[in-house]
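So the structure is just underneath, and the comments pick up after that.
The values are calculated or read from the model by the stated rules, or taken from the named source; none is laboratory data. Nothing here was measured: the structure is a model prediction, and the numbers come from that model. We place every Cβ from the backbone using ideal geometry, glycine too, and count neighbours over all the protein chains shown. The accessibility values were calculated without ligands, DNA or RNA, using every heavy atom of the protein model including side chains. Shrake-Rupley method; radii C 1.70, N 1.55, O 1.52, S 1.80 Å.
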Amino acid sequence: MIASPKPSKKLQKYLQSERNISWEQYLQRFIGTKPIELCTTNYPFHMQLELIESEVELIGKLSSKYSLKRFDRQYKIIVGFKEKIRKEAVNNVPYLRCNTTALLHLLRKDIIEQMLQICPDDFEAVPVQIIGTYKESMPFELKDYYTINVVKRIKAIDEPRSEFNIS
């Protein structure tokens, strides 16, 4: 078993004052869960989505480090495939990539529900409608995918004592 990392005093203080939990209690939330791997090397790029329509300018509004707040309402966001994709090929995929900066990943409803059990106040699930737009395939629509709008975060990196390599 891997030893849990020792949090900074600031993080411990934040968890105690804002969440009324200790570091050990915080770690208990993740026991038995598996991390979601979002950056796989074998992702099928023909399944990448493009933004079709949106009621909101997504850049800077969604999961931005400068905008950690909830939306005031549900926005209409529609994405689609530019290549030939059948609904059956997508229906049970846990996440999909988008070719749009603000909508980097879409997560299926069951994954969002698990995340809401673990950290219900840390993000907002924003529904995204997926449509099949390729002219030579059967049109379809999926409504069980969401993007996330992060509304809380914990700064858990000790920057003065850390090394960063940016590529």
Evaluated over the range 86-132, the Cα radius of gyration and Dmax, each in Å: 11.8, 35
Segment Ser137-Gln28, length gained on full extension (0.36 nm per residue, minus Cα span): 34.6 nm
Mean Cβ neighbour count within 10 Å, used as a protection proxy, ranking 105-111, 21-27 highest first: 105-111, 21-27
Theoretical FRET efficiency, 1/(1+(r/R0)^6), r = Cβ-Cβ of Gln114 and Glu163, R0 41 Å, to 0.05: 0.80
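How high is the FRET efficiency between Gln12 and Asp122 when r is their beta carbon distance and R₀ equals 22 Å, given to the nearest 0.05?
0.80
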Solvent accessible area, Å² - Phe30, 1.4 Å probe, full protein context: 80 Å²
